[in-house]
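Trainee: Pasting a structure below so you can have a look.
The values are calculated or read from the model by the stated rules, or taken from the named source; none is laboratory data. Quantities reported herein were computed from a predicted structural model and do not represent experimental measurements. With ideal geometry, Cβ positions are generated from the backbone for all residues, glycine too; neighbour counts draw on all protein chains shown. Surface areas here come from the heavy atoms of the whole protein model, side chains and all, with no ligands, DNA or RNA. Shrake-Rupley method; radii C 1.70, N 1.55, O 1.52, S 1.80 Å.
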Amino acid sequence: MLVETKIKTTLACIILGLTAYLSCTCASSEPHKDSFWNQSFLDIDGKKHVHASTSTITVVWIFILEDCPISNAYSPEINRLVDHYQTKGISFLLIHSNPSLNLKKAKKHRDDFQLTTPIDLDQHHSWVHYAGVTITPQAVVFDREGQLKYRGRIDDRFPAFGKRRTRPTKTELRDALESVLNKKPITVWESKAVGCYIPALLKKSA
């Protein structure tokens with residue numbers, strides 16, 4: 001009887017210890033994620049932004065590369081998306097994911113392709129890691145709290161590298177945004193993006 005009581009007591013201590021450990025782990029990791037989403041940032045023009053304001057319904061990041069032909073080919077469609085949805089409470093941000101790209105070249109790229117939405121340089125891949133992306137162009141949709149709702153291609157205009165349709169047959173990003181606006185569940189929450197791989201971070205010299 002005494003042995004049984006000791007075993008039960010030991011098990012209870014182990015369970016309590018594990019619970020406390022897991023609670024501490026979650027508490028220590030969650031603020032790091034929240035701190036990234038809640039912090040302000042500057043675009044390539046030095047203008048200050050926040051990820052989501054009180055009037056924001058949802059947030060769209062689109063990762064681009066200045067020398068990726070597929071990414072550049074989507075510039076007109078990106079502008080159409082921005083023009084159509086930004087007045088409806090949907091915030092857009094373009095993110096240059098080449099860590100070696102500088103401000104001068106980023107501004108030239110914006111002007112060359114007449115991009116109309118704020119642009120950020122992700123020289124440390126903070127945005128890449130938060131969104132979990134590897135390809136450009138790739139769109140990511142978040143709610144106001146920074147929770148992932150959709151990640152993948154803009155549409156299927158490019159079914160494979162080197163192949164292009166005149167018109168897309170699937171428009172996953174538009175569909176996701178329409179679902180948000182109509183307060184319906186997003187039926188396709190992830191799709192495979194086709195484009196160029198995001199360059200690795202530059203190695204620090206010894």
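Trainee: Please state which of the following conditions residue 87 fails to meet, knowing it meets all the rest: (1) among the hydroxyl-bearing types (Ser, Thr, Tyr); (2) in a helix (DSSP H, G or I); (3) closer than 17 Å to residue 120 by Cα.
Mentor: (3)
Trainee: Please state which one of 62, 95, 70, 78 is β-branched (Val, Ile, Thr), touching a Pro at 6+ places or on another chain (Cβ under 9 Å) and in a strand (DSSP E or B). Steps first, answer last, please.
Mentor: Details: 95 fails: touching a Pro at 6+ places or on another chain (Cβ under 9 Å); 70 fails: in a strand (DSSP E or B); 78 fails: in a strand (DSSP E or B).
None of the other options fit; the residue is 62.
Trainee: Determine which single condition residue 129 fails, assuming it passes every other condition in (1) open to solvent by 70 Å² or more (accessible area, probe 1.4 Å); (2) out of contact with any helix residue (DSSP H, G or I) (no Cβ under 7 Å at 6 or more places or on another chain); (3) touching a residue at least 12 places away in the same chain (Cβ under 8 Å).
Mentor: Residue 129 satisfies all of (1) open to solvent by 70 Å² or more (accessible area, probe 1.4 Å); (2) out of contact with any helix residue (DSSP H, G or I) (no Cβ under 7 Å at 6 or more places or on another chain); (3) touching a residue at least 12 places away in the same chain (Cβ under 8 Å) except (3).
Trainee: Test of understanding: among 61, 37, which residue is aromatic (Phe, Trp, Tyr), surrounded by fewer than 21 Cβ atoms within 10 Å (Cβ to Cβ), in contact with a Phe, Trp or Tyr (Cβ under 9 Å, 6 or more places away or on another chain) and under 24 Å from residue 134 (Cβ atoms)? Lay out the reasoning, then the answer.
Mentor: On the way: 61 fails: surrounded by fewer than 21 Cβ atoms within 10 Å (Cβ to Cβ).
Of the residues listed, the single one that is aromatic (Phe, Trp, Tyr), surrounded by fewer than 21 Cβ atoms within 10 Å (Cβ to Cβ), in contact with a Phe, Trp or Tyr (Cβ under 9 Å, 6 or more places away or on another chain) and under 24 Å from residue 134 (Cβ atoms) is 37.
Trainee: Which of (1) open to solvent by 70 Å² or more (accessible area, probe 1.4 Å); (2) of a type outside the set (A, V, I, L, M, F, W, C); (3) touching a residue at least 24 places away in the same chain (Cβ under 8 Å) does residue 153 not meet, given it meets every other one?
Mentor: (1)
Trainee: Hey, another quick one. Could you list all residues from region 104-119 that are more than 25 Å from residue 35 (Cβ to Cβ), touching a strand residue (DSSP E or B) at 6+ places or on another chain (Cβ under 7 Å) and open to solvent by 20 Å² or more (accessible area, probe 1.4 Å)?
Mentor: 110
Trainee: Suppose we filter region 161-189 for residues that are open to solvent by 70 Å² or more (accessible area, probe 1.4 Å) and not in a helix (DSSP H, G or I); how many remain?
Mentor: Total satisfying the criteria: 15.
Trainee: Given the criteria under 20 Å from residue 78 (Cβ atoms), open to solvent by less than 40 Å² (accessible area, probe 1.4 Å) and in contact with a strand residue (DSSP E or B) (Cβ under 9 Å, 6 or more places away or on another chain), does residue 122 qualify?
Mentor: Working: under 20 Å from residue 78 (Cβ atoms): yes; open to solvent by less than 40 Å² (accessible area, probe 1.4 Å): yes; in contact with a strand residue (DSSP E or B) (Cβ under 9 Å, 6 or more places away or on another chain): yes.
Here the answer is yes, as residue 122 does meet what is asked.
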